[in-house]
Every structure is written in structure tokens, then in C-alpha cells.
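The next block holds one structure in the form of C-alpha cells; read it before the comments.
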Amino acid sequence: MESGHVPVLCDEVLAALEVSAGGRRVLDGTFGGGGHTRAILEAASDNTVVAFDTDPEAEARAAALAAVFPDRFTFHGINFEQLAEVVSGPFDAMLFDLGLSSYHFDTPERGFSFRFDAPADMRLDPRQGQPASVFLETAAREDLVRAIRDYGEEPRWRLAVETILKARGTGRLQRTGSLAALFEEVLRVPPGRARGSHLHPATRAFQGIRIAVNRELEVLETLLPAAFEALSEGGRLAVISFHSLEDRIVKRFFRRLSGRPETRLDRVPQDFRSVSGRELSRRPITPSEEEIARNPRARSAKLRVFEKSARA
């Protein structure tokens, strides 16, 4: 683990996945800075980890860790949605930390943060797909609405979308600085006038654009069933999410596997439900105040853990 990267809810993850018992074959679907993987390998001398990360910059960090644990650590530089194509189960435990790492936010040229002026890229894998700037210049109106309204949960999404459309061809959609300034001009809320006004006006829009560019929710919807399939009987699946859209998908999936209603509107008779395991906690595990003080970016983290039934 490099300086600057702090794995979120690390102690809670280790406890939930029971890795201190040893002999655990673990899949880390979001290697990032390698903090969780290192902790799992250090928890017992016979734990092994197979890790994924679509970010090409993670490969160097993975190589450094492989030098320390050459026989117990394997890395694949691809998106975790492709796990079934390159590795086979069963795994005793799986971890997916869905948040961006410090490296993403603190590397200006990646374009994730409006703290820096840089090309508006926002791709987790800059070798694939289109950067945010191209998406904003070319996407259909309905795709922009989905990004800003649904993914970004921006209350004034109509104004934001119209602003993007009017700014096409002006160059203001090409860089994070000019893009953030554009949203600030039209979305600024006077202090104390609305809930969430402490946020920068571009915060929600940037989140929605990033999610759209990387297909984050689509990938998660595909990932969860594939991960569960590769989990051993009695194995545990842990997911850390950082915003309500991700957490909602994970919560509903775990409820479905537990034989519980997914939402308040779910009226499926109990006889038609199947039980494939249990949630270790009905409520998500969240960081302690001490952890938040050490690492403010952990504030919104939510950990959910599911244990697969021995009969699943």
C-alpha cells in the first residue's frame, strides 16, 4: 500500500470475510491501491488473493505487491465484470470496493476532480470508451438526463442539461475547470437556501457524468450475480458502496438472495421466493468516527456482507 491510500473499513472487511482463520481464497475485484489485498494476505500466511482493476496505473502497484507475495497474489488488469472469463471459482470470500481511490481524485490529468483544471476524461480505464468531454458533446438528450438526473441526483437537472446542450461547440465542456465553472454559474444555491447547499454546485453533475461514462451501475448489475455464482458454499461476499444508487442495487440483490422483499412494493408471495443465504447485518456497516477523522473520504462508505448458503 502506497502512501496516501487508505483502505476504507479495512478492519471490518477482514472480520466480515473471516480471513484471519487462514486458508482463504479471496477475490478482490477492485484492487485500487492494494490496501485491502495487502491486509488480507498479511492476515494469514496461507491466504491467497486474485485481484482485478481496470485502471492501467494499478498494474505497477500490483507488481510491487506481487514481489512481496509472489506465490499468493495474482493480478488481472481488466474490469471485474470480466471475472468469469479469466478465473474460475469457487472463492471463499469476495470484496468489491466500489469507490474511486485517492489516486483517481488526486491525479489531475485523470479529470475526476474539479479541484484541478485538466482534460475532462473521468474514465476508469483511459484505454477504453469515450472521455467525459466527448460524451457531453455528443450524447443524446435522454442520456444526459439519465446522467444528471438519475445518476447525479441533481435537483435542477433540467437546467444542467440545457446548459450542457447550449455549451456544445464552445470548448467549455473540454476541461474540468471550465465545466465546473459552467455548472457553478447556473446551479449555485445561496447558502442556507436549500439542503445540500454546502456542496459545490458541480458535485452531483460530475458524479452523474462519471457514472455514465464508466457504465458503473450497469457493470454492478452484471457483476453481482456472476460474483455470487463464483462464491463457494458458505463463502462471503462483501461490497463497499459510496452513494445511494450503488447501495440500493446491492441492498436489493442481497434481499432477493435472502428471500426478502426487495422494496416496499414487492408483493411476491413468500412461497415463490428462494433463500440462497443470509445478510450478516440488516443495516450496512459504516465507518467509526475515528476512521472518518483519519480519512474523511470514508464518511459515506457502506459495507454490506452476504453469506452464501451451504445448500445454494
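Summarising the strand pairing of the chain, around 40 percent of its internal DSSP beta bridges are antiparallel.
In the chain, taking the dipole from charged Cβ atoms about the Cα centre, the farthest positive-side position among Asn214, Ser300, Thr30 is held by Ser300. Around the amide H of Gly152, modelled in the peptide plane, lie the amide H atoms of Gly208, all under 5 Å away and 5 or more residues distant in sequence or on another chain. Distant-in-sequence amide contacts of Phe91, defined by a placed amide H-H separation under 5 Å and a gap of 5 or more residues or a different chain, comprise Leu231, Ser232. Shown in residue order for segment 137-154 are the 3J(HN,Hα) couplings computed by the Karplus curve 6.51 cos²θ - 1.76 cosθ + 1.60 at θ = phi - 60°: 7, 10, 5, 5, 3, 5, 6, 5, 4, 4, 5, 7, 7, 7, 7, x, 6, 7 Hz (x for Gly and Pro). A straight chain from Ser88 to Ala67 at 0.36 nm per residue would run longer than the Cα-Cα distance by 5.2 nm. With both labels modelled 7 Å from their Cα along Cα-to-Cβ, the Arg264 to Glu57 distance reads 4.2 nm.
Say R0 is 41 Å: what FRET efficiency, to the nearest 0.05, do Arg168 and Thr107 get from their beta-carbon distance?
Numbers: r = 27 Å, r/R0 = 0.66.
E(calc), rounded to 0.05, equals 0.90.
From least to most packed, judged by other beta carbons within 10 angstrom and beginning with the fewest, Asp46, Asp125, Asp53 follow the order Asp46, Asp125, Asp53. Per-residue ellipticity at 222 nm, computed for the chain from helices alone with -39500 (n - 2.57) per DSSP H run of at least four residues, works out to -10500 deg cm²/dmol. Segment Arg248..Ser309, full-extension length gain: 19.7 nm, with 0.36 nm per residue of separation and the alpha-carbon distance subtracted. Note on segment 113-213: Kirkwood hydrodynamic radius from all Cα pairs is 13.4 Å, rounded to one decimal.
The long axis of helix 216-229 is offset from the longest Cα principal axis of the chain by roughly 10 degrees.
Within straight-line reach of Lys251, meaning a Cα separation under 21 Å, sit the following lysines at least 8 residues removed in sequence or on another chain: Lys302, Lys308.
Selection among Pro119, Ser133, Gly177 by position relative to the dipole of segment 113-213 gives Gly177 as farthest towards the positive end (Cβ unit charges, Cα centre). Here the mean projected area of the convex hull built on the C-alpha positions of the chain is 17.3 nm².
What angle, in degrees between 0 and 90 and rounded to the nearest 10, separates the Cα long axis of helix 203-214 from the longest principal axis of the Cα atoms of the chain? Around 60 degrees separate the two axes. Spin-label model, His198/Ser274: points 7 Å from Cα along the beta carbon direction are separated by 4.6 nm. Placing unit charges on the Cβ atoms only, positive for Lys and Arg and negative for Asp and Glu, gives the chain a dipole magnitude near 1340 debye about its Cα centre. Neighbour counts of other Cβ atoms within 10 Å put Ile209, Ile78 in the fewest-to-most order Ile78, Ile209.
For the chain, the residue among Gly277, Leu98, Ala202 whose Cα projects farthest onto the positive side of the dipole built from Cβ charges is Ala202.
Every read-out reported here was derived from the displayed coordinates using simple, explicitly stated rules and does not represent laboratory data. Model, not experiment: these values are computed from the prediction. Reconstructed Cβ throughout: ideal geometry from the backbone, glycine too, with neighbour counts over all protein chains shown.
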